[in-house]
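Computed from the coordinates by the stated procedures, all read-outs in this text should not be read as laboratory data. These numbers come from a predicted model, not from an experiment. Using ideal geometry, Cβ is built from the backbone for each residue, glycine included, and neighbour counts are taken over all protein chains shown.
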Amino acid sequence: MEDFADWIRAAEQTWVVRYPRQHLATFGVTSLSYYVVTEPIYRDLDPHGKEGVVRTGKVLAEKPSIVTPYYAMSLEGFSSEAYEYLRHVSDEYGPNSPGILYQYRNEPEGTEILSGEPSEIAHRIDQDLTKKQENLAVVMVGVDEFWDVSLLKFIYEYTSRSAERNVQELNSRGMLSPNQSIGGLPGAAAQQIERMFREVRNGRNPEDLKRELDRWGAFEFYEERFLDLFRRR
């Protein structure tokens, strides 16, 4: 419980000096540079010292994926509580209700010690990024021992801010609209399945397509077409 309280305090003490000037891309990968500035953990040994630790890196956000509760329950890596929540969502909104899955990868680049108070350093970095017209960069002040908690807090907020626009753009292309011919699955599922059928005809392993159909719970709607792939061979 003590660690949890520390994480909460770290999140509460995190503040963003510069937000990215762009939202997460809806139809592509977003590469976001980050600068997390913290007061060094050894500051207590030298209360009069003015230094800040700057951790830099990139957060890569994959293209948002459209999933349903049924589909998500076939994905690996979630806790039992997460799967229980997905079952609740499925019961509440239906197994084919669409949602957006965001996947991130953190690529740390380096650590540097600079002179000045953390807030001063963060503002200097912000000014430099403005001169360079860097639109996909975030600068924040966090807590040294839990700097990655600070980063995760920002990612959560950034995702929340981007989600509304992503949904609007996906809706404009009919990717969230239910396709009744395949049991009400979102349009994105139909597009993905059609793409995989073409790829299988061009040599892709049919087992990949079968797994995808099972994840969507859609094999019954495509069974004849799937079997035709083997008849033609």
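Summary of computed values
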{"item": "15 Å tail of the calculated P(r), the range 168-233, as % of Cα pairs", "result": "51"}
{"item": "Under 5 Å, built H, 5+ apart or other chain: amide partners of Val17", "result": "Val139, Met140, Val141"}
{"item": "Gap separating the Cα centres of the range 154-233 and the range 120-140, nearest whole Å", "result": "40"}
{"item": "Kirkwood Rh, Cα atoms: Rg over Rh of the chain", "result": "1.10"}
{"item": "Percentage relative contact order, the chain, counting C-alpha pairs under 8 Å, at least six apart", "result": "27"}
{"item": "Choice from Val54, Val36, Val17 with maximal GNM fluctuation in the chain (Cα, 10 Å cutoff)", "result": "Val17"}
{"item": "Neighbour-count ranking [beta-carbon atoms within 10 angstrom, fewest first] of Thr159, Thr130", "result": "Thr130, Thr159"}
{"item": "Residue order, fewest to most surrounding Cβ atoms within 10 angstrom, among Lys153, Lys210", "result": "Lys210, Lys153"}
{"item": "Residue among Met196, Ile182, Leu213 farthest towards the positive dipole end of the range 178-232, charges placed on Cβ", "result": "Met196"}
{"item": "The chain - charge dipole about Cα centre, Lys and Arg +1 at Cβ, Asp and Glu -1, debye rounded to 20", "result": "1500"}
{"item": "Among Arg215, Arg201, Arg161, residue whose mean-square fluctuation peaks in a GNM of the chain (springs only between Cα atoms under 10 Å)", "result": "Arg201"}
{"item": "Two-decimal Rg to Rh for the range 16-109 - Kirkwood Rh, Cα set", "result": "1.17"}
